[in-house]
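In what follows, a single structure is set out as structure tokens and then discussed.
Bear in mind these aren't lab numbers, they're just calculated from the coordinates by the rules spelled out. Everything numeric here is computed off the predicted structure, so don't read it as measured data. Cβ placement follows ideal geometry from the backbone for every residue including glycine, while neighbour counts extend to all protein chains displayed.
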Amino acid sequence: MKLRLKLLLGTVGLLALVLGICAAVLISASFDAMMDSQRASALRTWNSVRTTIEVVGASGSGTDSADLQRALRAMENGGRALWDGVELMEGERRVYGAGVDPEAAESQAGSCLITAFRRGETHYLQLSGTVSAGGRELELRLVSDITAVYEARAAQLSVFRRLLLAALVIGAAGSWLMATLLTRPLAKLGRASRKLAAGDLSSRADVKSGDELETLAREFNAMADELETSMGKMRDFVDRQTAFMGSFAHELKTPMTSIIGYSDLLRRSTLTEEEAREAANYIFSESRRLEALSLKLQDLILLKKEDFELTPTEPRALLSGVVRVMRPVLTRTGVTLRYRAGEGRCLLEPDLVKSLLINLVDNARKAMDNGGAIFILAELTEEGCHFSVTDNGRGIPEADLARITEAFYRVDKSRSRAQGGVGLGLALCDEIARLHHGSLTVRSVLGRGTVITAELKGGRA
């Protein structure tokens, strides 16, 4: 059952119950009030008749039943509305009777018994009691028609039924309208959720009700925003993984093709010693490229899976060791290397940071054609330290800056491959910076050079 129908049935049922209870209480109270009025009026009549009988009896003539009959007849003729039936009994003998015959009733001396009875469609009120008349004990019974009271109650019930029907019709219409207004935001939420489930991640619920349903809609939209963002990240991740596998396959294809081709040439042909040596050199160099590729990939995998302990380290001493390693290589290519480092210690993983710096310096070397200069700056910060590697090489096009930390991405693919690069150096550096709760930033100008800064936020020692 839909919520709208539940609200309608619940509201109409509650309205009928409340109106029924209120009408029952009011009609019952009105009926009781009218019955009390009838009893009081009948009791006054009974007391008046009793007084008359007692007066007649006290006059001395009350011992004659004819006097009592004349007195009662005179009262009856003078005020017919006083009763609808009267009976005066002396034992089993009826002294006087007129109108509706009373019901048999046992009355007690000194009291008036009030009862009600029904004959056909007519309702009566009966008063019974004993009366003294000249030493005689008589039983007086008066009957009064109270059908009007019951008819009034029936009329009230009839009016109530019509009013109840009208109230329920109006209440049902109002409840349906209210239920429609209340459930409209839920309908919008339902449509939005169905579209979201069908793959429309841009679907949102536009609810402006100013109540809890609007709050629910905002939370739903926030959830949809998070879902859309997460799905976007997932698609981006899948795209990057696909690109990674494509690049990996491409990187394997070239050296494997060379190795297979030259191996087949060695196996099937008669070559001179010089030709055989050249073929072997090609096989060796391409094998070294495959080895470098596998080692870089292994490093990337290990960086993503292992937990590394950061230890207090002097950036100055670490940088000095990197310079000693790289200077001979740079000197052979005509590149000068300078550095400056601040005093102090911070929390680092020395081997990883050393690998980061060597990769950055090696990338800077490859960005220069005919010599150049590299400058390394190490500075301590409140959160750790940062290393900046500046070169005056070719620079990086702005369109490539956002992708240079992707695995296998090269700005100049042919030149990088010729220099022995596999396109994983900056990806490793970015992962090392992430392990130190930091990041890698790149600023470059074509024809003027590049500055790569590694912000490492492992803390101070």
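Observations, loosely collected:
- Helix-only mean residue ellipticity at 222 nm for the chain, each DSSP H run of n ≥ 4 adding -39500 (n - 2.57), per residue, nearest 500: -20500 deg cm²/dmol
- Taking the longest Cα principal axis of the chain as reference, the axis of helix 315-332 is set at about 40 degrees.
- DSSP beta bridge pairing in the range 307-456, given as percent antiparallel to the nearest 5: 75
- Quotient of Cα Rg and 2.2 N^0.38 Å for the range 3-158, N being how many residues it contains: 1.47
- The relative contact order of the range 307-456 comes to 23 percent, based on Cα pairs under 8 Å that sit 6 or more residues apart.
- Ranked packing of 220-227, 271-278, most packed first, by mean Cβ within 10 Å: 220-227, 271-278
- Considering only alpha-carbon pairs that sit under 8 angstrom and 6 or more positions apart, the relative contact order computed for the chain is 10 percent.
- D (Stokes-Einstein, µm²/s), Kirkwood Cα radius, the chain, 1.567 mPa s at 4 °C: 38
- Taking Cα centre as origin and charging only the Cβ of basic (Lys, Arg, +1) and acidic (Asp, Glu, -1) residues, the dipole magnitude of the chain rounds to 1880 debye.
- Estimated at 0.36 nm per residue, the fully extended path between residue 180 and residue 200 surpasses their Cα-Cα distance by 4.6 nm.
- Length released on extending from residue 226 to residue 115, taking residue separation times 0.36 nm less the Cα-Cα span: 32.0 nm
- Against the chain, whose longest principal axis comes from its Cα atoms, helix 147-197 is set at around 0 degrees.
- Between 0 and 90°, nearest 10: helix 3-58 axis offset from the chain longest Cα axis: 20
- Partner aspartates and glutamates whose Cα lies under 18 Å from the Cα of residue 354, excluding those fewer than 8 positions away in the same chain, are identified as 299, 306, 307, 309, 314, 343, 362, 379, 430, 431, 455.
- The range 3-158, relative contact order [Cα under 8 Å, separation at least 6], %: 23
- Remark on the range 307-456: ratio of C-alpha radius of gyration to 2.2 N^0.38 Å is 0.99.
- Taking amide hydrogens as placed 1.01 Å from N in the peptide plane, the amide H of residue 129 sits under 5 Å from those of 113, 140, each at least 5 positions away in sequence or on another chain.
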